[in-house]
Amino acid sequence: VQLQAFGGGLVQAGGSLRLSCAVPGRTASNNGMAWFRQVPGEEREFVAAISWNGGSTSASDSVKDRFTISRDNTRNTVYLQMNSLKPEDTAVYYCAVGRGSGYSADRSFYRYWGQGTLVTVSS
C-alpha cells in the first residue's frame, strides 16, 4: 500500500505548513493513523495520531500546543496542521496507517507507511 505525503517545504520559524497524506481506497477508513518524524541519525519519533473516525487524537508534548491532526474519511486523507514552527521541527515527516481503529505512539502499531515529506524550518 502506497501512502502519498504532501505539503513539506522550507518555512521560516514561526510559520505554518499543512501536511496531507492520501491513502488509497478504503485502506484506512477503519484504522487509526499517525504522523511520525525523523532526523537523520535519530530514531523515528511520534508526532500525532488520530482514531479511525477522528473522535480521539493525541500528540507529543513537544508539538501538542502547535500541531493539529485531523482526517477526512470521505477523501481518504489525514492532515497535520503545523503552526508556530521551530527549527527543531525540521525533519522528514511520515504518515502511517495503524493495525486497528485506535492509535499508539509505538511505531510497531503501524502497518503501512508513506514515503515521507521533508519539512525544513529556518531560524
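Laboratory data are not the source of any read-out in this text; all were calculated from the coordinates shown. Everything numeric in this text was worked out from a predicted model, so none of it was measured.
Summary of values
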quantity	calculated
Distribution of pairwise C-alpha distances over the chain, 5 Å bins, in %	2, 13, 24, 27, 19, 10, 4, 1
Projected-area mean, segment 46-112, by convex hull of Cα positions, square nanometres	4.7
Rounded if a/c under 1.5, otherwise prolate or oblate - segment 6-56, Cα gyration tensor axes	prolate
Under the Karplus curve 6.51 cos²θ - 1.76 cosθ + 1.60, θ = phi - 60°, whole-Hz ³J(HN,Hα) for segment 106-123, x wherever Gly or Pro sits	8, 4, 5, 6, 9, 9, 10, 10, x, 7, x, 9, 7, 10, 10, 10, 8, 8
Length released on extending from residue 1 to residue 84, taking residue separation times 0.36 nm less the Cα-Cα span	26.6 nm
Highest-fluctuation residue, 40, 87, 24 considered, GNM on the chain with Cα pairs under 10 Å	40
